Each structure stands twice: as structure tokens, then as C-alpha cells.
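Below is one structure; the comments refer to it alone.
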Ligand code: APR
């Protein structure tokens, strides 16, 4: 199984496990010091120019989760978002769908990209789980509902609002990383397809650069002109966006070779280096 395939498979399994665990596990232990601590980390070390009140953000977040009119009501975080007046620079936003692991390696080398996890809210709540209690106030540390795309779901609802804000603020060139080894690489039900795409503003965004990436050894299910990505391009055209689409950008393929050099398509590079020879002008040729 290819490295990308393995990681995508791993991602699915982990999502499945997370989904199952979420049905049993409750709010992340120590959520308050984690969230407030991440907030101080962000405003002190990551973006010292940002002026926010971390304790106030936490208070507003907690109120949204635990003081709902009823347990089944929509979870509305707008009070919390009002306390986070963050803007982000043009030309740097990276969106993705079904490519989370690769996105992390990509942004580690292409450091100018900004993802939702680089915003204060994304940074504070990354990987956390939370929910209120049905009959009493406070967080439920025993059990939370499994992930569901519903505004009544406390975790989904926050990510949905954060994703919408992220897309609405995007400007200049934006990039979207999609997985060409699956069908429905562009999925209208996903957060990218249902929230972020609609949030992009053709007056603020100059170009949408689509990067389609497949596993090194395939399957080569979708490309810029095939499958759901062609639908995405059609939507972009109809809304007046300018766009480009690249299949298997060299950096993305090389990143996969770094993660799994044994892949046949990476061998030229691996054998050349292992003999201590100079790298070829076109390193790896993959
Ligand atoms: N922490 C934990 N889980 C996350 C995070 C995060 N920071 N971000 C996303 N996830 C999970 C979601 O719970 C979802 O199940 O990853 C999965 C992403 O699903 P995909 O179908 O791969 O992608 P999509 O639904 O399109 O969402 C990705 O939304 O997160 C934003 O800006 C981000 O463009 C990206 C898009």
C-alpha cells in the first residue's frame, strides 16, 4: 500500500476510531487550561501583535456550550468569534479535503501557507472534543455525541463557523489541496465543499489554485479534467473565479517519497543518493 494510501487509510481508520471514541469519550480532560494556555502561547509566541483577552474568549466559549436554551439547540459561537477579531494575510490561505496528513507535511515545507489551524481559533481547539451535559450545567467529561454535520453538534458547529470565517476572509491567491486517489475528491458534503467554497468571495480572491495529488502508485482516480474536480472547476467558472489546476505537483510527490522512499517511483532518487553520487538535475524524476 502506498504511503499516501497508507496515510489516507490511517486517516480514515483514525477518523473512524475518533468517531467511535467520541461516542464514548467525553470532553477532553483539562480543556480549560489547554485552550487558555494555547491562546496565551499564540498571542505571546506565534502572533505577538494580536491583542485578545484569552480568559474572555474562554468564558464566551464556555457559555455557548453549557448555557444553551436546550440540549438540542443550535450551538452558536458568535459571541466567542466576536472576541477574536483576527485577519490574515492575502495569498496564503490553504484549503484541503481528504488530505489532512499530507497538508501538514506540505505546510511544514511550504511555510508561507496558512491553514485554519494557523488561526487563533483553529490553534486553540485543534484536536479537542467538548460537549455540555444534558440535564446539568458544565461540560460532560463522560461522553459526547459522535461527530455529525449538524449545527447542534458543539464541535462541528465551531469548526463550521471557523471554516466559514476563514474562507470569507481569504484574499489574493488561495490554494486547495485535493486527493486524486479517491472518487469525489471534491465533495459537496465536506466542509470545503459545503462551507468554504461558498464562503470564498470572487471580488477578494484573484486565483483559486487547485492542487490534485494522488498516491505515488495510484489509483489515479481523479484529475483536473476528470471526476468531481471538473465539477469544482465548473462551479468556480460560473462564480467568476480565475483558477489553475495542477496534478501531482513535484513538491507533493517528493514529500510522499520522503515519507516512503521504497516506492518504485522514488527509487531513482533513493539509489542515486545511497551511492553517494550527486543528485540528478531533476531530483527523483517523480
Ligand atoms: N482537529 C481535528 N479534526 C479535524 C480538524 C482539526 N483541526 N480539522 C478537520 N478535522 C477533521 C474533521 O472532523 C473532519 O472529519 O478532519 C475531517 C476533515 O474531513 P475532510 O472530508 O477530509 O475535509 P473537509 O470536510 O473538506 O474539511 C477540511 O475544512 O477544516 C477545514 O479549512 C479546513 O479546508 C479544510 C476543510
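Points worth noting:
- The requirement of being at pLDDT 95 or above, crowded, with 18+ Cβ neighbours inside 10 Å and in contact with a strand residue (DSSP E or B) (Cβ under 8 Å, 6 or more places away or on another chain) is not satisfied by residue 158.
- Any hit, region 128-146, residues being at pLDDT 95 or above, under 27 Å from residue 238 (Cα atoms), assigned to a loop (DSSP other than H, G, I, E, B) and within 16 Å of the chain's Cα centre (by Cα): no
- Hits in region 59-83 (condition: assigned to a loop (DSSP other than H, G, I, E, B) and more than 16 Å from the ligand (Cβ to nearest atom)): 67, 68, 69, 70, 71, 72, 73, 74, 76, 83
- Cβ-Cβ distances below 6 Å connect the following pairs, each with a first residue in region 238-257 that is surrounded by fewer than 18 Cβ atoms within 10 Å (Cβ to Cβ), a second residue that is assigned to a helix (DSSP H, G or I), and a separation of six or more residues or different chains: 243/236.
- Across region 86-117, the number of residues qualifying as part of a helix (DSSP H, G or I), within 13 Å of the ligand (Cβ to nearest atom) and without any contact (Cβ under 8 Å) to a residue 24 or more places away in the chain comes to 3.
- Residues in region 123-146 that are farther than 16 Å from residue 64 by Cβ and either crowded, with 19+ Cβ neighbours inside 10 Å or near the ligand (Cβ under 10 Å from one of its atoms) (or both): 123, 126, 127.
- Qualifying residue in region 245-262 (condition: farther than 18 Å from residue 103 by Cα, modelled with pLDDT of 95 or more and in a strand (DSSP E or B)): no
- Against the numbered list (1) in a loop (DSSP other than H, G, I, E, B); (2) modelled with pLDDT of 95 or more, residue 36 comes up short only at (1).
- Residue under evaluation residue 115, criteria (1) surrounded by fewer than 15 Cβ atoms within 10 Å (Cβ to Cβ); (2) touching a strand residue (DSSP E or B) at 6+ places or on another chain (Cβ under 9 Å), criterion not met: (1)
- Residues that are more than 8 Å from the ligand (Cβ to nearest atom) and assigned to a loop (DSSP other than H, G, I, E, B) within region 175-188 comprise 180, 181, 182, 183, 184, 185, 186, 188, listed in sequence order.
- Enumeration of residues in region 201-242 that are in contact with a strand residue (DSSP E or B) (Cβ under 9 Å, 6 or more places away or on another chain), farther than 12 Å from residue 174 by Cα and in a strand (DSSP E or B): 212, 213, 223
- The residues listed here are 172, 227, 193; of these, the one that is within 14 Å of the ligand (Cβ to nearest atom) and either touching a residue at least 60 places away in the same chain (Cβ under 8 Å) or surrounded by fewer than 23 Cβ atoms within 10 Å (Cβ to Cβ) (or both) is 193.
The values are calculated or read from the model by the stated rules, or taken from the named source; none is laboratory data. It should be emphasised that the depicted structure is a prediction, and the values quoted were computed from it without experimental measurement. Counting neighbours? That spans all protein chains shown, and the Cβs are built from the backbone with ideal geometry, glycine included.
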